[in-house]
Amino acid sequence: MTSFDFSPKLNEYLEKIQDETGREITFQENTNLGIKGIAAAYQYNPQKLIIILNPEYPRAMEDMERSIAHEATHGYILYKLGFCRSRYPEGVPSEYKQDVQIIFTIVEDLVVNKIIQDNGFPPFGQEYIPTLREEIRVAREGEKAGEAFYHQFTDNLHREALLMISRYIIAWGFLNYYKLEVADRNLIKEFTRVFKDYYPDYYLYAAKVVEVLEKNNIFTSDGECQAIYEILKLFKMDEHVKLVNA
Ligand SMILES: [Zn+2]
């Protein structure tokens with residue numbers, strides 16, 4: 001592992017992940033991580049756990065450490081817990097792959113954030129609650145305003161829809177699986193309420209995703225894989241991807 005000035009807590013956590021997965025954690029830098037505003041990302045590699053940091057997004061140290069713990073945990077669920085990943089035939093467009101990756105991220109993040117919370121890291125970054133307040137305000141202006149808001153993170157309309165739906169699922173996940181402060185819980189609940197009321201077209205899909213998540217135990221490898229498969233089918237995105245174990 002490249003040595004950084006991490007806290008003992010993070011170093012210990014990363015070492016545990018390296019031990020349990022038998023893979024070294026390495027860091028790279030890249031400014032283009034698919035969706036704007038992302039500070040760090042996990043990149044699949046059969047031998048290593050690669051964490052890509054976005055140098056354009058310097059953050060408060062605690063938040064950066066949380067992001068790194070989060071990304072490393074994507075490797076942990078793949079190699080230690082046996083969660084599945086995507087495989088594509090030759091010639092599949094990268095735009096499609098990135099959309100499939102969003103579906104993976106939606107489901108995996110519910111598990112990953114829970115694991116890091118259990119290991120003493122905050123389940124969400126410092127920006128989550130202020131952003132959610134803004135999203136509640138925007139939602140009350142209706143679907144057009146919502147679409148414009150999420151458009152600032154991606155130019156791709158399909159991805160914009162997935163992004164909107166993912167915001168509901170993340171919030172739903174926190175309410176269903178996590179220990180939260182009362183004030184945070186109430187705000188997150190409020191977001192799910194306004195989303196349902198003001199984004200009916202998107203809520204329709206979000207509710208179907210929730211149905212899939214309730215049916216499958218996503219904290220197990222089989223349940224996670226099945227849930228991702230069903231969500232890809234729901235969005236008619238399952239045609240060119242195979243779900244395989246690492
Ligand atoms: Zn993630």
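Data for the structure
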| item | result |
| --- | --- |
| Helix-only CD estimate at 222 nm, as mean residue ellipticity for the chain, using -39500 (n - 2.57) per DSSP H run (n ≥ 4) | -20000 deg cm²/dmol |
| Rounded, prolate or oblate (a/c below 1.5 giving rounded, otherwise prolate when a/b exceeds b/c) for the stretch 93-240 by Cα gyration tensor | oblate |
| Förster-model FRET efficiency, 22 Å R0, E90 and I38, C-beta, rounded to 0.05 | 0.20 |
| Approximate spin-label separation K48-K196, in nm, with each point projected 7 Å along Cα-to-Cβ | 4.6 |
| Residue-count net charge about E190 - beta-carbon cut-off 12 Å; Lys, Arg +1, Asp, Glu -1 | +4 |
| Debye intensity ratio I(q)/I(0), log10, the stretch 161-203, q values 0.16, 0.17, 0.28 Å⁻¹ (C-alpha model) | -0.39, -0.43, -0.97 |
| Calculated FRET efficiency for the pair R185/R140, C-beta based, R₀ 25 Å, to 0.05 | 0.80 |
| Net charge of neighbours whose Cβ lies under 10 Å from the Cβ of V244, counting Lys and Arg as +1 and Asp and Glu as -1 | +3 |
| Among the listed pairs K9/K48; K16/K48; K179/K215; K189/K236, those beyond 23 Å (Cα-Cα) | K189/K236 |
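We did not get these values from a lab; they are worked out from the coordinates using the rules stated. The structure displayed is predicted, hence computed values, not measured ones. With ideal geometry, Cβ positions are generated from the backbone for all residues, glycine too; neighbour counts draw on all protein chains shown.
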